[in-house]
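A short worksheet on the structure shown next.
Computed from the coordinates by the stated procedures, all read-outs in this text should not be read as laboratory data. Model, not experiment: these values are computed from the prediction. Neighbour counts run over all protein chains shown; Cβ positions are idealised from the backbone, glycine included.
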Amino acid sequence: MTRQSQGHLDCIPAPRYADALQSVVDFVKEHDDWLIVSHERPDGDAIGSALAAAHILTALGKTWRFVAEGPLPARFNYLPLFSQAYTSIQAVDRQFQHVLAVDCADEARFAHARSFIAEGAKIVNVDHHHTNPRYGAAAWVDADAAATCELMFHLALALDVELNEPLATCLYTGILTDTGGFAQPNTTRDVHLITARLLASGVQPYDIAEPALESRTWPQMRLLQMALNNLTVSSDGKYAILYVTQGMLEGAGCTDDDTEGLVGFTRSIDTVEVGALFRETADGRIKVSLRSKRRVDVSRIAQMFAGGGHTRAAGCTIVGDLGDAMDAVVEEIERALEAAGA
Ligand code: 5GP
Ligand code: MN
């Protein structure tokens, strides 16, 4: 080992909730055959932490299947083991007794994978959403972690798994995307120390940032053009909303998954504290994405509609028509802004 990488290792932050981490370590060591699940509309942290789990289990000589809740965005196809993910619409030949759930704020987040989970199966829950009720036989939830991949980094170390380049690439992807490119308030000293260690394993930042954050397909760019046409801001400038209908998706040649990242444009308006994106889904529901800057806890707004998430990024699903959903959520946004004195 070089002196330089030894130096990085000296700076590795300690994991929080060491007992909870240990309970996960013990459980993983004890069992050999795993189903890995993550949340619907898989993002960089969901996929990164699931594939990191796959690498860790492989390194420990265990078997696994990763059943994603939906199609994985092609932008992440540089991830090692990406092609070995199953989606829940494909048949997996059997049910599993041991489940590793990563980045899933609650069990409903992996509802589609349910049919592959045996009755009475034991679930291990590794997550960083503060709304997580700590379900499962072993739960390690740390809301101060920027990404579930930050936790998977500690899990790999605790299990003595080598941080090789494929594993580091998965971990870096989740940390990069969940911190919005090291820009969001969850970007901590720990994040940069861990990231430095991942670079020492050979991660090439631009090779990941370019596909994971920067790149858009032409249909996605067309959808952005259309969506920005209906961007509106409140009269006091404090919140902004965007919507995407099924007609817009068809017109742009996009699917539901191509709306990723659009909500960010609401929050980038300088006066805005809360931004919301409303998307009509193919099955006639309205998916809401909420973002805030500094004052409003949008996870509380999402929870009023049976959703959840983080303080600054949350979501929920509403059954009903687009206009009604927008009215109902806007009313709660206005109330939250007033309560926060924003
Ligand atoms: P997004 O708006 O990007 O879909 O989600 C933002 C954050 O809120 C993510 O951390 C996501 O896990 C969480 N989230 C989104 N929708 C839901 C939901 O319906 N229920 C819960 N519990 N969390 C959600
Ligand atoms: Mn996450």
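Numbers below:
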read-out: Failed criterion for Leu155 (all others in (1) more than 28 Å from Gln204 (Cα to Cα); (2) away from ligand 1 (no atom under 15 Å from the Cβ); (3) buried (at least 23 other Cβ atoms within 10 Å of the Cβ) hold); value: (1)
read-out: Every residue from the range 303-319 that is hydrophobic (A, V, I, L, M, F, W, C), touching a Cys at 6+ places or on another chain (Cβ under 9 Å) and either farther than 15 Å from Leu337 by Cβ or within 12 Å of ligand 2 (Cβ to nearest atom) (or both); value: Phe305, Ala306
read-out: Hits in the range 199-210 (condition: in contact with a Ser or Thr (Cβ under 9 Å, 6 or more places away or on another chain), crowded, with 17+ Cβ neighbours inside 10 Å and either small (Gly, Ala, Ser) or not in a loop (DSSP other than H, G, I, E, B) (or both)); value: Ala200, Ser201, Ile208
read-out: Which numbered condition Ala158 fails, given (1) in contact (Cβ under 8 Å) with a residue 40 or more places away in the chain; (2) out of contact with any strand residue (DSSP E or B) (no Cβ under 8 Å at 6 or more places or on another chain); (3) within 16 Å of ligand 2 (Cβ to nearest atom); (4) aliphatic (A, V, I, L, M); value: (3)
